Every structure is written in structure tokens, then in C-alpha cells.
Amino acid sequence: MKRYLLSIQQPDGPPPPPDELTRIMGELDRLNAEMRRAGAWVFADGLHEPSTATVVRHSEGRTLITDGPYAEGKEHLGGITIIDAADLDEALAWADRLAAATTLPIEVRPFQTDPGT
């Protein structure tokens, strides 16, 4: 098995209306439960908005701490799911399900080391 990060790419701006958000959260709960039953689920959680971020940089022996996101953009990391999958095709299949549940783009990236190594 290989470990993959499924990153939810969320657009900047207000969250969806409450009824839509409730539907999305229900879909996510069902998908996470299915991932658990399949033995793929490792961890998942949403993130607070980018304005809550703190960026730490170290350069020339000094530390610089700033508030807010590290880069301006039209979208931000809204949440993550970490899975174990046999291969990229399996990870992409889970990502497709996650994209359908959230209605948002999902970036799929493998970790450099396999679980348990």
C-alpha cells in the first residue's frame, strides 16, 4: 500500500449556504465511513479559513513569523484526507468520490515513504 494526500482546494470567499453545507457534510461523513470500511482511511479533517494561518520562515539565522496565508490566490487548502491505496488509480478513484461529495477540486499526491517503513 502507498499513502496519498487528497487535498481539498477550496475557493476563497464565503462558505456555501447552510442547506448545501449540511448536504456536503453528510456526503463526507458517508464517504469517510466507506473509506474506513475499505481500510483506506487514515485521517481527514477540514481547516479554518486562511486568515487563521501563521507562516514561519527561517532565513540567515533569523525567524520571521507572519499572519495569514503564505501566498495570495483564488483558492486555498480547505481540508485534507490521507488514505492508503494500492496504487495511484485507487487513490484517484477515492479522490473522484471526494470531489463529487465536496463539489471541489482535489489534488492527489503520494507521500515519499510507504506506511510502516
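Annotations
- Evaluated at q = 0.13, 0.16, 0.17, 0.23 Å⁻¹: base-10 log I(q)/I(0), Debye formula over Cα of the chain: -0.60, -0.84, -0.91, -1.26
- Burial ranking of peptide ranges 30-41, 80-91, 105-116 (average Cβ count within 10 Å, highest at the top): 80-91, 30-41, 105-116
- Per-peptide packing, taken as the mean over residues of other Cβ atoms within 10 Å, places 6-15, 44-53, 95-104 in the sequence 95-104, 6-15, 44-53 from highest down.
- Using a Förster distance of 25 Å, the FRET efficiency for D67-Q112 (Cβ separation, nearest 0.05): 0.25
- FRET efficiency for H58 and K2, using Cβ-Cβ distance with R0 set to 30 Å, rounded to 0.05: 0.45
We did not get these values from a lab; they are worked out from the coordinates using the rules stated. On a predicted model such as this, the values are computed, not experimentally measured, just so you know. Positions of Cβ are generated from backbone atoms using ideal geometry, with glycine treated the same way; all protein chains shown enter the neighbour counts.
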